[in-house]
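This is the structure I want to talk about, given as structure tokens.
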Amino acid sequence: MKNGPRMDNRTSCPLGWLPWLCLSVGLLVTLGIDGTRGLGEVLGEHPVLALTHFRGPQYLAWLLLLPIALLVRSKPRTFGSGANSTLGAVGCFFLCAAVGFGVSAWFGASDVDLPPLYHDEYSYLFQAETFLTGRIAWPPLEDGELFRQMHVLESPVRASRYFPGTGLWLAPFVAIGLPYLAAWCVAGLTAGFAALAGRCWTTGTGYLAGLLVALAPGTVVFGNSLLSTGPTTMWMTAFLWAFLRTYETRMWRWPVLASLFIGLAFLTRPMTAVGLGFPFALYAIVRVVRDRQREGVRFGLLVGTFAVSVLLMLSFNVATTGELSTTPYGLYTARHSPSHVYGFYNRERGQAHRGEETITSYDAWAENLTPARAVELDLERWAGLVVWSGGWMPFVTFGLVALLGLRRFDDRLLLVLLALVGLTAAYTPFAFAGILGWSYFAEALPFLLVALAVATIPIVAGSFERGRPLIGLWWLGLWAIALTGNLTSLLPQAFSPSSELLYPRYQAQQQAETERQLATRGPIVVVVQARPEDSLHTTYVHNLPRLDGPIVRMWMTDEAQVDRVTRERFPERAIYLYRPPTDDRPPQWQLRRAPLK
């Protein structure tokens, strides 16, 4: 790969007839998927089809306007190629960041008072609360099985099973009582960094990439969650921007920033950072080997400073598990869900390690991953990524332009595309598609949209240069149709009270509301009459790390043990027994004991 000056895609990337061929393929694929989805609704085919919406007729109608656009001519002009000034970059960043923040907040503001959806989110909140006390972990509790929380280690210390990056990001927002503000900021900053990455090609590419990320339904969905997906996506998008700047300038600050950003992503979600970052690391190593004198220091600095994040991760391992090579994530998996282990034939390997601490229902959730099933999961993740990033028409059309016209672009686009391949390879040996069927690929969304923006702008700019501005605007209209459809159909559906994202939160709100009402008379203990094994999809027991909140929750395992622990630890609290709802009865509450003091 060669290093050279910024390339102007208006003049350096003549695409000729290629976009029109790709448009034809994109339209055929979109119409085919529409028909497949209609057939699927009748035959009960794969649920991923339900994510798609019937957009074929809209694109056909838009195609009818093309002859009108062809009739209009004007003076040749440039498009999206303004000077790459610092002020312009700042304006582009804040515009796209504001749109990303605003859209995510618009869809999620009415639901911020609802309990989180996933077990993982409670674990991240536990981690953030722990960090706010100045600790990494807590000593194990006596009778800790009564307070067992999903995705929280009970020994050798009490700590979230997850890597520290998400808790560190959430901590300041949790401290002010606004955890979802952290998610909205992530959505905005991700869009802003995507805009800066796009500007490494042209200013038009920057605006398009930033706005596409800001308005992508996947950004909005994970911009309203407390999962690690959002912060990892943000840091990896920032890394992409900083690395591209390292590519085109000789300033030392850019490799340092790139290393900092991917290090933060590594501390948040290591597998994703390695998968997306591998092509860039390989490229940096090649540059060091080829030109040690001119490039060795800069790219060596990028690779070398990344070691700081590795050392921090190893220190975190020692603080939580007592071993350098054992992560809390790995220890939790080995104890409670051995069938969730990374790699093929995971259930067969995990069965030999099941024991008394195995959470049976959670462990059984893992399917046995075969190579053939791994391919199916990769396709499912990619289908989810396409739908939640914009839709099939722009993905197929501009994706083919990028791939078939790759030689007409520069090496930077190849690196972005290889990052998508790297992430796919990293998660191929993992037996879960992810949340919503694609969350393990969610961090690739900005990379994908930056690549598609890089492929779009030369088509638009070329039309303007030939005196056909309406043709250029017509091409942008393909994105407008996709984004409008997402904002008016897919996202309202995703954030409706009956959706997969909100219905469980409304159900959990019933327990939370009752708890709050009971706690108005004084602090309480809620004893949940259910087994941890039965709470696969509902987080009944979650607490502040010190067990000092107004509401403490625990499991009803052994009555004598529960009575002893509540009498010794919580004599001043009222004790309530809670029976979660079942299919044939509503939730039940019963005062088990009044305060002893």
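The values are calculated or read from the model by the stated rules, or taken from the named source; none is laboratory data. Values in this document were obtained by computation on a predicted structure and should not be read as measured data. Counting neighbours? That spans all protein chains shown, and the Cβs are built from the backbone with ideal geometry, glycine included. We work out accessible area using only protein heavy atoms, side chains counted, and drop any ligands, DNA or RNA first. Shrake-Rupley method; radii C 1.70, N 1.55, O 1.52, S 1.80 Å.
State all residues of the range 228-261 that are surrounded by fewer than 22 Cβ atoms within 10 Å (Cβ to Cβ) and hydrophobic (A, V, I, L, M, F, W, C); if no residue qualifies, say none.
Correct list: Met251, Trp252, Trp254, Val256, Leu257, Leu260.
Can you find, within the range 322-333, the residue that is nearest to Ala366 (Cα to Cα) among those that are open to solvent by 60 Å² or more (accessible area, probe 1.4 Å) and of a type outside the set (Asp, Glu)?
Looking at the filtered set, the residue picked out is Tyr329.
While we're on this one: Hey, among Leu449, Leu476, which residue is in the same structural domain as Ser389 (by the TED database), closer than 26 Å to Gly210 by Cβ, surrounded by 20 or more Cβ atoms within 10 Å (Cβ to Cβ) and out of contact with any Phe, Trp or Tyr (no Cβ under 9 Å at 6 or more places or on another chain)?
Leu449
A follow-up question, please. Does the range 401-409 contain at least one residue that is of a type in the set (D, E, K, R), touching a Phe, Trp or Tyr at 6+ places or on another chain (Cβ under 7 Å) and surrounded by 15 or more Cβ atoms within 10 Å (Cβ to Cβ)?
No, the conditions are met nowhere in the range 401-409.
Quick check on the range 102-109. Is at least one of its residues of a type outside the set (Lys, Arg), surrounded by fewer than 19 Cβ atoms within 10 Å (Cβ to Cβ), touching a Lys or Arg at 6+ places or on another chain (Cβ under 9 Å) and at pLDDT 95 or above?
There is no residue in the range 102-109 that is of a type outside the set (Lys, Arg), surrounded by fewer than 19 Cβ atoms within 10 Å (Cβ to Cβ), touching a Lys or Arg at 6+ places or on another chain (Cβ under 9 Å) and at pLDDT 95 or above.
Looking at the range 375-398, which of its residues are assigned to a helix (DSSP H, G or I), open to solvent by less than 10 Å² (accessible area, probe 1.4 Å) and under 18 Å from Trp475 (Cα atoms)?
Within the range 375-398, Ser389, Met393, Pro394, Thr397, Phe398 qualify.
Sort through Ser104, Ser155 and tell me the only one that's more than 22 Å from Phe266 (Cα to Cα), part of a helix (DSSP H, G or I) and of a type outside the set (Asp, Glu).
Only one candidate qualifies: Ser104.
Of the numbered conditions (1) assigned to a helix (DSSP H, G or I); (2) modelled with pLDDT of 90 or more; (3) surrounded by fewer than 20 Cβ atoms within 10 Å (Cβ to Cβ), Gly350 satisfies every one except a single condition; which is it?
(3)
Name the pairs whose Cβ atoms lie under 7 Å apart, with the first residue in the range 577-592 and touching a residue at least 40 places away in the same chain (Cβ under 8 Å), the second exposed (fewer than 13 other Cβ atoms within 10 Å of the Cβ) and of a type in the set (Ser, Thr, Tyr), and 6 or more positions between them or separate chains?
Listed pairs, sorted by first residue: none to list.
Taking Thr268 as meeting all but one of (1) farther than 17 Å from Thr166 by Cα; (2) among the polar types (S, T, N, Q); (3) surrounded by 15 or more Cβ atoms within 10 Å (Cβ to Cβ), write down the number of the exception.
If we test Thr268 against (1) farther than 17 Å from Thr166 by Cα; (2) among the polar types (S, T, N, Q); (3) surrounded by 15 or more Cβ atoms within 10 Å (Cβ to Cβ), just (1) comes out false.
Among the residues of the range 66-94, count how many are open to solvent by less than 80 Å² (accessible area, probe 1.4 Å) and either over 16 Å from Ser463 (Cα atoms) or in a helix (DSSP H, G or I) (or both).
Here the count works out to 12.
Conditions tested, residue by residue: (1) over 22 Å from Ala494 (Cα atoms); (2) open to solvent by less than 10 Å² (accessible area, probe 1.4 Å); (3) among the aromatic types (Phe, Trp, Tyr); (4) in a helix (DSSP H, G or I).
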| residue | (1), (2), (3), (4) |
| --- | --- |
| Leu181 | no, no, no, yes |
| Gly192 | yes, yes, no, yes |
| Tyr207 | yes, no, yes, yes |
| Val213 | no, yes, no, yes |
| Asn224 | no, no, no, no |
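To continue, here is another question. Only one residue in Leu211, Leu240, Leu302 is assigned by the TED database to the domain that holds Ala455, at pLDDT below 95 and among the aliphatic types (A, V, I, L, M). Which one?
Result: Leu302 is the single residue among Leu211, Leu240, Leu302 that is assigned by the TED database to the domain that holds Ala455, at pLDDT below 95 and among the aliphatic types (A, V, I, L, M).
A follow-up question, please. Could you say whether any residue in the range 491-499 is within 30 Å of Leu64 (Cβ to Cβ), in contact (Cβ under 8 Å) with a residue 12 or more places away in the chain and open to solvent by less than 50 Å² (accessible area, probe 1.4 Å)?
Yes: the range 491-499 contains one or more residues that are within 30 Å of Leu64 (Cβ to Cβ), in contact (Cβ under 8 Å) with a residue 12 or more places away in the chain and open to solvent by less than 50 Å² (accessible area, probe 1.4 Å).
Any residue in the range 121-133 that's over 22 Å from Thr538 (Cα atoms) and open to solvent by less than 20 Å² (accessible area, probe 1.4 Å): show its pairings with residues that are small (Gly, Ala, Ser) and not in a helix (DSSP H, G or I) at Cβ separation under 7 Å, as long as the two are six or more apart or on different chains.
Going by the 7 Å Cβ cut-off, the qualifying pairs are Thr130/Ala137; Thr130/Ala159.
Something else: Based on this model, can you work out whether Glu380 counts as free of Cβ contacts under 8 Å to residues at least 40 places away in the same chain and in the same structural domain as Ala451 (by the TED database)?
No, not satisfied.
Regarding the range 167-175, can at least one residue be identified that is assigned to a strand (DSSP E or B) and open to solvent by 20 Å² or more (accessible area, probe 1.4 Å)?
The answer is no; no qualifying residue exists.
Being surrounded by fewer than 20 Cβ atoms within 10 Å (Cβ to Cβ), at negative phi, part of a helix (DSSP H, G or I) and assigned by the TED database to the domain that holds Leu212 narrows it down to one residue among Thr456, Thr424; which is it?
Checking each option against the conditions leaves just Thr424.
Considering only the range 557-583, state which residues are open to solvent by 20 Å² or more (accessible area, probe 1.4 Å), in a loop (DSSP other than H, G, I, E, B) and under 23 Å from Ala512 (Cβ atoms).
Thr557, Glu572, Pro581, Asp583
Would you be able to tell me the number of residues in the range 539-554 that are open to solvent by 10 Å² or more (accessible area, probe 1.4 Å) and not in a loop (DSSP other than H, G, I, E, B)?
The number of residues fulfilling the criteria is 2.
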